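Inspection log for the structure reproduced underneath, given as structure tokens.
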Amino acid sequence: VAINADSVASWFLPGVAPLLRRHHLLLEIVIDDQDHTHDALKSGDVIGCVTTLARAMRGCVAEPLGVMRYLCVGAPELVRRCRTPRGAVSPHKLLAQPAVIFNRKDALQDAFLEQHFGLRQPHYPRHFAPAVEAFETAIELGLGWGMVPEQHLAKRPGLQELLPGAAVDVVLYWQHWAHESISAQRLTAAVKTAAREHLRPMEPPPAGAPA
């Protein structure tokens, strides 16, 4: 299966572990950005993926999972450096600070800057740390600011939100082959159950919008 690292670390593994133990199943996890995991399904390398791609690929089914909310955080000293004397976040001061980014496919920082400051393709210094523990530790150590899932913040009391109440919501889907083995069907059911328990529910579409 192909899954983004944040999902693996927060809800996916706890959700499917009972199934794997009960039926003695073995799992190979391919880590990729949620905007790219469907490539592994398309090539036939995996039987399912957690993805942002809502439209089912040929021969596949796309099932909505829920919303993973990301918050922009930093160490307290870095957060102070990004604020004006009146306490507001200055985008210019923020862009002067390095960002900590998971890898070069990760676009959450740019999404945050565009959604909440109207900045498109901004330039700022960047660290890359392609492991969840290292990524969050780098932010905690004050090396830069970054986007962290809200589920992780309880374990990281040293992190503060730069812009409280501002978030980037990522809508996730489980794409899998339409014709599955019994084991794969069980995995799909476990993934959907875990997502219902751990992810935010999706917003219903506006009235009159196509389903």
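The values are calculated or read from the model by the stated rules, or taken from the named source; none is laboratory data. Remember, predicted model here, so these are calculated numbers, not experimental data. FYI the Cβ positions are ideal-geometry reconstructions off the backbone, even for glycines, and counts take in every protein chain you see.
Assess whether residue 63 counts as being more than 21 Å from residue 152 (Cα to Cα) and in a strand (DSSP E or B).
So residue 63 passes the test.
Out of curiosity, is residue 16 in contact with a helix residue (DSSP H, G or I) (Cβ under 6 Å, 6 or more places away or on another chain) and either buried (at least 16 other Cβ atoms within 10 Å of the Cβ) or assigned to a loop (DSSP other than H, G, I, E, B) (or both)?
yes
Within the range 140-187, take every residue that is among the charged types (D, E, K, R) and in contact with a Gly (Cβ under 9 Å, 6 or more places away or on another chain) and give me the one that is farthest from residue 9 (Cα to Cα).
180
Which of the residues belonging to the range 19-38 are surrounded by 12 or more Cβ atoms within 10 Å (Cβ to Cβ) and under 24 Å from residue 135 (Cα atoms)?
29, 30, 31, 32, 33, 34, 35, 36, 37, 38
What about residue 65, is it crowded, with 22+ Cβ neighbours inside 10 Å, within 19 Å of residue 194 (Cα to Cα) and either at pLDDT 95 or above or in the same structural domain as residue 107 (by TED's automatic domain parsing) (or both)?
Judged against the criteria, residue 65 is a match.
Would you please name the residue that is farthest from residue 199 (Cα to Cα), looking only at residues in the range 24-62 that are in contact with a strand residue (DSSP E or B) (Cβ under 7 Å, 6 or more places away or on another chain) and among the small types (Gly, Ala, Ser)?
If we take residues in the range 24-62 being in contact with a strand residue (DSSP E or B) (Cβ under 7 Å, 6 or more places away or on another chain) and among the small types (Gly, Ala, Ser), then 59 is farthest from residue 199 (Cα to Cα).
Would you check if residue 131 is over 30 Å from residue 55 (Cβ atoms), in the same structural domain as residue 96 (by TED's automatic domain parsing) and without any contact (Cβ under 8 Å) to a residue 24 or more places away in the chain?
Criteria not met by residue 131.
Would you call residue 73 assigned to a strand (DSSP E or B), aliphatic (A, V, I, L, M), surrounded by 14 or more Cβ atoms within 10 Å (Cβ to Cβ) and not assigned by TED's automatic domain parsing to the domain that holds residue 129?
no
Please specify each residue of the range 154-166 satisfying the condition of being surrounded by fewer than 16 Cβ atoms within 10 Å (Cβ to Cβ) and farther than 16 Å from residue 100 by Cα.
154, 155, 157, 164, 165, 166
Regarding the range 100-114, can at least one residue be identified that is more than 18 Å from the chain's Cα centre (by Cα) and either surrounded by fewer than 20 Cβ atoms within 10 Å (Cβ to Cβ) or of a type outside the set (A, V, I, L, M) (or both)?
No, the range 100-114 contains no residue that is more than 18 Å from the chain's Cα centre (by Cα) and either surrounded by fewer than 20 Cβ atoms within 10 Å (Cβ to Cβ) or of a type outside the set (A, V, I, L, M) (or both).
If you take just the strands (runs of 3 or more DSSP E) that sit entirely in the range 124-200, which of them hold at least 2 residues that are of a type in the set (D, E, K, R) and closer than 27 Å to residue 60 by Cβ?
none
Among the listed residues 79, 46, 50, identify the single one that is in a loop (DSSP other than H, G, I, E, B), of a type in the set (Val, Ile, Thr) and modelled with pLDDT of 95 or more.
Checking each option against the conditions leaves just 46.
Out of everything in the range 103-133 that is at pLDDT below 95 and touching a helix residue (DSSP H, G or I) at 6+ places or on another chain (Cβ under 6 Å), what residue ends up being farthest from residue 166 (Cα to Cα)?
Here the answer is 132.
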